[in-house]
1. Filter region B:247-257 for residues that are outside any loop (DSSP other than H, G, I, E, B) and within 7 Å of ligand 2 (Cβ to nearest atom); which is surrounded by the most Cβ atoms within 10 Å (Cβ to Cβ)?
2. What's the total number of residues in region B:258-281 that are in contact with a Lys or Arg (Cβ under 8 Å, 6 or more places away or on another chain) and more than 16 Å from ligand 2 (Cβ to nearest atom)?
3. Is it true that residue B:244 is facing chain A (nearest Cβ under 7 Å), out of contact with any helix residue (DSSP H, G or I) (no Cβ under 7 Å at 6 or more places or on another chain) and within 16 Å of ligand 2 (Cβ to nearest atom)?
4. Among the candidates A:116, A:133, single out the residue that is modelled with pLDDT of 90 or more, in the same structural domain as residue A:169 (by TED's automatic domain parsing) and surrounded by fewer than 19 Cβ atoms within 10 Å (Cβ to Cβ).
5. Please indicate, with yes or no, whether at least one residue in region B:101-115 is within 16 Å of ligand 2 (Cβ to nearest atom) and among the hydrophobic types (A, V, I, L, M, F, W, C).
6. Can you tell me how many residues within region A:419-447 are under 28 Å from residue B:255 (Cα atoms) and either within 16 Å of ligand 1 (Cβ to nearest atom) or away from chain B (no Cβ under 14 Å) (or both)?
7. Could you pull out the residue among B:157, B:189, B:198 that is modelled with pLDDT of 85 or more and more than 16 Å from ligand 2 (Cβ to nearest atom)?
8. Just checking: which of the helices (runs of 4 or more DSSP H) contained wholly in region A:262-366 hold 1 or more residues that are over 23 Å from the mean Cα position of the chain (by Cα) and small (Gly, Ala, Ser)?
Amino acid sequence: MAGLAKTFGSGAMTNTLEDIAESKCIFAIGTNTTQTHPVTGTRIRRAVMNGARLIVANPLEIPMAKYASLFLQLRPGTDLALIMSMARVIVDEGLADMTYVKARCENFAAFAESLKAYDLDFVSETTGVSQEKIRDAARMYAETDPAAIIYSMGITQHSHGTDNVLALGNLALLTGNVGIRGGGVNPLRGQNNVQGACDMGALPNVYSGYQPVTDQQVKEKFEQVWGVSGLSTEVGLTLPQMLQKIDAGKIKALYLIGENPALSEPNIKHVTETLKKLELFVAQDIFQNESTVSAHFILPAQAAMEKEGTFTSTERRVQLLNRVVEPPGEARPDWWITAEIAKRMGAKGFNYSASADVLKEINAVTPSYAGITPKRLKSGDAPHWPCPSEDHPGTPILHTRTFTRGKGFFAPISYKGPAELPDEAFPFVLTTDRSLFQFHTATMSGRSAALNEMWGRQRVRISPATAKELGVADGDMVKVSSRRGEAQARAMVTPKVVDKIVVMDFHFAEANANLLTNPACDPMSGIPEFKVCAVRVQKV
Amino acid sequence: MKDISLTINGCDVKVRQGATVLDAAKAAGVFIPTLCHHPDLKPAGQCRLCVVEIEGSRGLPESCATPAEDGMRVMTDTPRVKEFRQQALGIILDNHAGKCIECPANLDCELQTLAAEIMPIETKQLAETDNPFFRRDYLRCVQCGRCVRMCHEIRGAGAVIFREVDGEPRVGTAFNLPLPETGCQFCGACVDVCPTGALTFIQPIPKGAQEIASICPYCGVGCRLIFSVVDGRIKAARPDPAGPANLGQACVKGRFGIGEYTHSPDRLVAPLIAKDGVFTPISWDEALNRVAEGFRKYQPDEVAVIASAKMTNEDNFVAQKFARAALKTNSIDHCARL
Ligand code: SF4
Ligand code: SF4
């Protein structure tokens, strides 16, 4: 979420889910909300029922397109061109909120200059969306107040994902839509506690509450509270960088908690080989998975329904988990296991007797969480951070008076397309999608017989015209290959996909889309390009 | 006189001489359905609903008329017993005329209560079982349209609609298509609002279960769900109307996808060490000591930690503190991108 942090100073959803109902225009781009965040889908639906206009931009004809005022079916990986050209139309037609721009933002001139590159002929050609539709979308978004932007992995999972996000920030600044009810720029986070994991500093560059590791004062504060010395001020490695360094023999020991990179990262064949090179590989999880099988030690953790603690949802809301059932066998809470290892290494400051003890420490060292105490959550409250003290009501809407970084920053952006384009050898574009019935690598959802009955296997989704071109019928076995690998699965012929596009998911070990995807990463966020790569499809 | 000791469903129970098997079950807190039995009257063995299985005896004796004996092993809920009871009650119901709704004893009727306990939910009639989550039995539909409006107004799916059948509006799907072909999300919101038995969950929400609210572990919406727990196992989940993020809504994964993985036999239940390619259980103490010893050998730039977006805030906080304070590295990350 590096983009929003640059534009506004904070990378989280600016508004809340409840707030979507107040919106009069919702621009949903790169999100198949009713499938990936179904209950957020109901918020959008409620807003539409109350008369809000909905603009959907997506390479696939997703269910929300049915009730959208405008549906822009753009080519995968061309979102940036679409967004920037909408900004250009807004500026050219004098629809920008210049009072807001002058009072609250900076760098407008340089940004306006960069818009010149996005003339409608070029953009329409690139995106496959008609000029008229682009103009309509720009006008609808600019002229309906308040207007909210909602996006998800369809925006971020590109080699230029940060630019996509910056572009959306530009659009919202241009129309004065940040810091108001029913407006904002709202990234929907994938996994249940992605927001919380970031907030807690499970990132290489920040402690909890986004306090930079490079800041000397921050370092000293943590050294004092934790009673340690020699905390590093050097930014650490991102996950893809870790994998590279393991491959190169530089990183020799890994502690992997609750993830499965051998299925969820791009080019998984290589990841699996990489993990085997470790001298010490400690995995901690609730199940064996494709990654843990290479571990030297496996530590059994408790599942969410067996835990106490807190999750922070996509709208920055902190909620209390209750223990619903007892854990099986000797499974232990993750925090307990980690703290025990630390203690046995001789580290100080790991004497917690309950998860509430950890939360108290979080309150003490994290200004935005200071008021979100165990006592307050127990009383039934579930506030949005920042919440600096126990009597603070929480902050549903960010940047209401000033931006976290002071002024809103207009980012000039030059056009970048996908890192890998189709060519003669690999003539189709593969994009990844998710099923409503499965979650992530299906370690949890894949154990439900009913969910598997609905969606239990990989399907290679292609349009009727593409099917005809390839001589493939619905249900035929096909082989999809990219420069990195190949996968075989049955074809599903559906008019919901545009010609020349192939859609797969990464839920299952068998024929996983990540056998094919491109590890080219966004230089700022470190997010790989899951959404576009070039492939070849053959009937087998 | 000496008390009699016997077991009911494996639990020991003591009763006085002259007690029946039914008395013993009552003493053990085990429910056996009865209809002809009344405590003031002599046993009649008429309705045959109270049958049980007794180890070593053939047939299914009526518990109301069988004296308890020392060392008896009684089973009250075997599949054979259940099937027999359903048949016996089926015959009674077939000979019982009239509609409940027109009966003065409606809602205060032992037969009704027993039928709810014993009988499988009626699925003959029109019930559509085109999906593994819920069934639709439009003979029980009163055309109130709650499900249609829920599906349209809140879910935006438009999977169930009013269609015209013989000039009358009837709830159903377009062209009577199976639900999976209609864009249904299987969120169950329509079942929640159905006032009759027209829409029912295939795994019903058990009555009398312990109910505990917590947060869904799947996506970032953070729906609060109410879990029904029986014998320490999650039997059903439904959205909490007071959940601030979800306002009484949920999706197919939260509602139907949590119990099975939580209670999966594949769960890791002991620390494991890889020995010659085979994972062998070891004690926590040994595992933790060896892991700690292992990590101590490496320099800060030789180690890394990958945390998880599925863990709690507290878990993640301790993980990053471990990386920074114990391993002295900032190389900690998680799959924030996914
Ligand atoms: S389950 Fe949800 S989507 Fe399906 S018919 Fe019912 S309300 Fe509509
Ligand atoms: S019930 Fe569905 S929408 Fe709600 S948090 Fe769980 S996965 Fe997300």
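The values are calculated or read from the model by the stated rules, or taken from the named source; none is laboratory data. The model shown is predicted, which means the values in this text are computed figures rather than measured ones. Positions of Cβ are backbone-derived with ideal geometry, glycine not excepted, and every protein chain shown enters the neighbour counts.
1. Restricting attention to region B:247-257, the residues satisfying the condition of being outside any loop (DSSP other than H, G, I, E, B) are B:252-256.
When the remaining residues are screened for being within 7 Å of ligand 2 (Cβ to nearest atom), the result is B:253-255.
Details: B:253: 25, B:254: 28, B:255: 25.
Selected residue: B:254.
2. Pass one, region B:258-281, residues in contact with a Lys or Arg (Cβ under 8 Å, 6 or more places away or on another chain): B:259-261, B:263-264, B:266, B:273.
Remaining after also requiring more than 16 Å from ligand 2 (Cβ to nearest atom): B:263-264, B:266, B:273.
Of the residues in region B:258-281, 4 are in contact with a Lys or Arg (Cβ under 8 Å, 6 or more places away or on another chain) and more than 16 Å from ligand 2 (Cβ to nearest atom).
3. Taking the combined requirement at face value, the residue satisfies it.
4. Numbers: A:133 fails: surrounded by fewer than 19 Cβ atoms within 10 Å (Cβ to Cβ).
Of the residues listed, the single one that is modelled with pLDDT of 90 or more, in the same structural domain as residue A:169 (by TED's automatic domain parsing) and surrounded by fewer than 19 Cβ atoms within 10 Å (Cβ to Cβ) is A:116.
5. The initial filter retains those residues of region B:101-115 that are within 16 Å of ligand 2 (Cβ to nearest atom), namely none.
No, there is no match, as no residue in region B:101-115 is within 16 Å of ligand 2 (Cβ to nearest atom) and among the hydrophobic types (A, V, I, L, M, F, W, C).
6. In the first step, residues of region A:419-447 are kept if they are under 28 Å from residue B:255 (Cα atoms); the result is A:432-447.
With the extra rule that they be either within 16 Å of ligand 1 (Cβ to nearest atom) or away from chain B (no Cβ under 14 Å) (or both), the set shrinks to A:435-437.
Number satisfying all stated conditions: 3.
7. That would be B:198, the only listed residue that is modelled with pLDDT of 85 or more and more than 16 Å from ligand 2 (Cβ to nearest atom).
8. The helices (runs of 4 or more DSSP H) meeting that bar are A:334-344, A:355-365.
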